[in-house]
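As C-alpha cells, the structure follows; a few thoughts come after it.
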Amino acid sequence: MSPKWKLLAVAVTATIAVGGGTLAYADSRASWEEQFGGEAGSPPDASRWVQQTGCEWGNGKEEQCYTDGGRNAELDGEGNLVITAKAEEFNDRHFTSARLRATTINDPGTVEVRAKFSGYVAGAWPAIWTTDEANWPTNGELDLMEIGGGGDWKPQYHSHFGTVDDHQQYGDFYPDDSDDPTWTDWHTYRVDYTNGADGEASFYIDDKLAATVPYQVPDDAPAYVILNIAVGGWAGTPDPRLHNTMTVDYVKVTEA
C-alpha cells in the first residue's frame, strides 16, 4: 500500500480504518494529509519525510543520536508510524531515536495530529511540533504536544517567537478531563494559528480548547511539522534502560 499523503482538491467520503480507530473521511479541506499506510517494518516515505540524523542536538544537552533508514522510525502495517527511543550504544552515545521533518512547508491554518505514547520513562521527551529551524525563534515554534519537563508525565503546549535575545514563550499543561486521565491512550492534538503582529495560536486536545496565546511571527514565516523523541535535556537524566515510543495515526495540515 502506498503512503496516503494527499494533496486534496475534491471531497473524499470513504471511511478509512486506521491506527486502532476510524478516520471517518480524508478531509477535503486539508492541504496535505499523511495516514502512514505501508508494510510493517518499512521506513516512512523519504519523499514525504526527512529523517534528520546526528548526535549533537539541543545545544549539546540532549543525549540521543537520531538515525534513519527505519532503525528508530517505522510503519506498523496498520496505518501508524512508530518512533522508538531506546538505550543502545551508537556513535559513542547510549541512546538512539528518530526525528522526522515533513518536506512540505505549512502556511497559517491548522495542524492536527492523532497520537499516543507508551508511558513515562525518565529522560524521554516526545514532541509534535512545527518550526523553521533555519530562523528560530524569529519564524516561531508551535508545540502541539510535548512531554518531559515540569515533573509530570502529561502533555504541554507552547508557542515560541521573538529573537534569541528576546525569546517569548507561552503555554501550559493541557487540562485534565478526569481524575485519572490516561495520556497513553489516543488523543488528537491540534493548533489553529495565524501569523503577523497580531498572530495567535489556539491549542486543542480532542477538539476541546485549552488556550489561545500570542504567536507574533512574520506574515510569511514558513513552518515544518516535526515528530520526534529526544532523550535528556529538558526531560532530565535518562533511565539507562530507556525505551519509549510515540505512535502516530495521522498528520493533517489545513491552510486558513
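For this structure, a couple of remarks:
- Pairwise centroid distance, computed over Cα atoms, of region 42-79 with region 209-239, Å: 17 Å
- 3J(HN,Hα) along region 133-143, derived from phi through the Karplus expression 6.51 cos²θ - 1.76 cosθ + 1.60 where θ = phi - 60°, amounts to 4, 6, 9, 9, x, 3, 8, x, 8, 10, 9 Hz, with x in place of Gly and Pro.
- Dipole magnitude of the chain, debye to nearest 20 (Cβ charges: Lys/Arg +1, Asp/Glu -1, about Cα centre): 620 debye
- Positive-end residue, the chain charge dipole about Cα centroid, Cβ charges, pick of Trp49, Ile226, Gly109: Trp49
- 3J(HN,Hα) from dihedral phi, region 111-116, Karplus parametrisation 6.51/-1.76/1.60, rounded to Hz, x for glycine, proline: 10, 9, 9, 9, 7, 9
- Cα-centre dipole for region 129-217 with unit charges at Cβ (Lys and Arg positive, Asp and Glu negative), debye to 20: 140 debye
- With a Förster radius of 22 Å applied to the C-beta separation of Ala256 and Asp207, the computed FRET efficiency comes to 0.80.
- Electrostatic dipole magnitude of region 108-158 [Cβ: Lys, Arg +1; Asp, Glu -1; Cα centre; debye, to 20]: 280 debye
- Asp152-Thr104 pseudo-label distance in nm [points 7 Å out on the Cα-to-Cβ vector]: 3.4 nm
- Amide hydrogen neighbours beyond the local backbone of Trp153, cut-off 5 Å, H modeled: none
- Efficiency of FRET from Cβ geometry, Trp234 and Thr163, R₀ 25 Å, rounded to 0.05: 0.75
- Stretched out straight at 0.36 nm per residue, the stretch from Glu133 to Glu89 would grow longer than its current Cα-Cα span by 13.1 nm.
- Database remark: amide H of Ser42 closer than 5 angstrom to the amide H of Leu75 (H placed geometrically; neighbours at sequence offset of 5 or more, or on other chains; Pro and chain starts carry no H).
- For Ala230, residues with placed amide H under 5 Å, excluding near neighbours: Trp125, Ala127
- Phi-based couplings in Hz for region 31-47 (Karplus 6.51, -1.76, 1.60; Gly and Pro marked x): 6, 7, 8, 10, 10, 6, x, x, 6, 4, x, 7, x, x, 4, 5, 7
We did not get these values from a lab; they are worked out from the coordinates using the rules stated. As the structure is a prediction and not an experimental result, all values here were calculated from the model. Positions of Cβ are backbone-derived with ideal geometry, glycine not excepted, and every protein chain shown enters the neighbour counts.
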